[in-house]
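The values are calculated or read from the model by the stated rules, or taken from the named source; none is laboratory data. All figures in this text were calculated on a predicted structure; none of them were measured in a lab. Cβ atoms come from the backbone with ideal geometry, glycine included; neighbour counts cover every protein chain shown.
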Amino acid sequence: MCTPSHFEVTYAINPWMDVENPVDTARARLQWEVLRQTYLSLGHRVDLIDPLPGQPDMVFAANGGLVIGRRAYGAKFRFAERAAEGGAYASWLTEHGYEVVEPSRTNEGEGDFLALGSMILAGTGFRTSLEAHIEAADALDRPVVSLELVDPRFYHLDVAIAVLDDGHGSAPADIAYYPGAFSRHSQRTLRDLFPDAILCSEADALVLGLNAVSDGRHVVLPSAATALATDLRQRGYTPVPVDLGEFVKSGGSVKCCTMELHR
Ligand code: ARG
């Protein structure tokens, strides 16, 4: 995670951002700290990267790369406003013993890449290029399933799909998603691959309910996504709601603030 010391909305690169709708920075810090404490209380380790001044979106650590095992595929941001973050995350990963494959194609890390079982689900349409999907598959030696995002409100894959179970335990891989975020053929792909997935309502997707982090049992998710939480509970998960309302002003929530170091 990246401390939100410099987090604010000073530019608009997605429909959620409005420079006229200022962030309450004190509140943002508190909300972020509650998220960090939530992970710690669930028994997870949380490493921190130092935020760079002038990079208000660096708090969205998910975008800094995709890490599987000791290898990482680095990020190459779509917009100049965030370009400096790519190198900062790559340096952190290198310093912590990861082998970083430097990207030549535009991609925003776990914003558009979700590790699931032996494969990677990859989003394209707004930020990450299709060429980056191929590059990531090669860098991490995993098959990639490309999915096309068509609704600008859901500009990253991690606001359209939540990985509930990564399929590495005894249970099969499991996801929740909002079908309306995807093109017709990608909806078909998701239906075929995950016939039992939880389908999230537009209302819950619009509070960024799918921007969640799961350890296979506990699902840390935005507290406003109440119907999704009920569905999760019915399926045997324990929803752990947190309020990251200040970050929603920038188009992010739980998952965006979290880069997972997948084994
Ligand atoms: N303001 C950031 C942007 O538009 C939000 C990034 C959210 N991150 C994510 N993983 N969806 O780039």
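Residues that are closer than 15 Å to Ile161 by Cβ, assigned to a helix (DSSP H, G or I) and not small (Gly, Ala, Ser) occur at least once in region 232-241.
Here Leu35 clears all of (1) within 20 Å of Val159 (Cα to Cα); (2) away from the ligand (no atom under 13 Å from the Cβ); (3) surrounded by fewer than 16 Cβ atoms within 10 Å (Cβ to Cβ) except the condition numbered (3). Here is the figure for region 56-93: residues that are within 12 Å of the ligand (Cβ to nearest atom), on the phi < 0 side of the Ramachandran plot and not in a helix (DSSP H, G or I) total 6. Does region 166-173 contain at least one residue that is surrounded by 20 or more Cβ atoms within 10 Å (Cβ to Cβ) and within 15 Å of the ligand (Cβ to nearest atom)? Taking every residue of region 166-173 in turn, none turns out to be surrounded by 20 or more Cβ atoms within 10 Å (Cβ to Cβ) and within 15 Å of the ligand (Cβ to nearest atom). Residues that are touching a Pro at 6+ places or on another chain (Cβ under 9 Å) and aliphatic (A, V, I, L, M) within region 1-44 comprise Val9, Val23, Ala28, listed in sequence order.
Yes or no: region 156-168 includes at least one residue that is out of contact with any His (no Cβ under 8 Å at 6 or more places or on another chain) and more than 27 Å from Ala75 (Cβ to Cβ).
No.
For region 214-263, the candidate set comprises residues that are within 15 Å of the ligand (Cβ to nearest atom), of a type in the set (A, V, I, L, M, F, W, C) and in contact (Cβ under 8 Å) with a residue 60 or more places away in the chain; within that set, the residue that is nearest to Gly74 (Cα to Cα) is Met259.
One residue stands out among those in region 112-128 that are in a loop (DSSP other than H, G, I, E, B) and in contact with a Leu (Cβ under 7 Å, 6 or more places away or on another chain): the one that is farthest from Gly86 (Cα to Cα), which is Gly125.
On the given criteria, is Ala136 crowded, with 23+ Cβ neighbours inside 10 Å, away from the ligand (no atom under 15 Å from the Cβ), farther than 19 Å from Gly251 by Cβ and modelled with pLDDT of 95 or more? Walk me through how you get there before you give the answer.
Working: crowded, with 23+ Cβ neighbours inside 10 Å: yes; away from the ligand (no atom under 15 Å from the Cβ): yes; farther than 19 Å from Gly251 by Cβ: yes; modelled with pLDDT of 95 or more: yes.
Here the answer is yes, as Ala136 does meet what is asked.
Across region 167-182, a minimum of one residue is classified as modelled with pLDDT of 95 or more and under 16 Å from Trp16 (Cβ atoms).
Name the residue, out of Pro53, Pro15, that is away from the ligand (no atom under 12 Å from the Cβ) and not in a helix (DSSP H, G or I). Of Pro53, Pro15, the one residue that is away from the ligand (no atom under 12 Å from the Cβ) and not in a helix (DSSP H, G or I) is Pro53.
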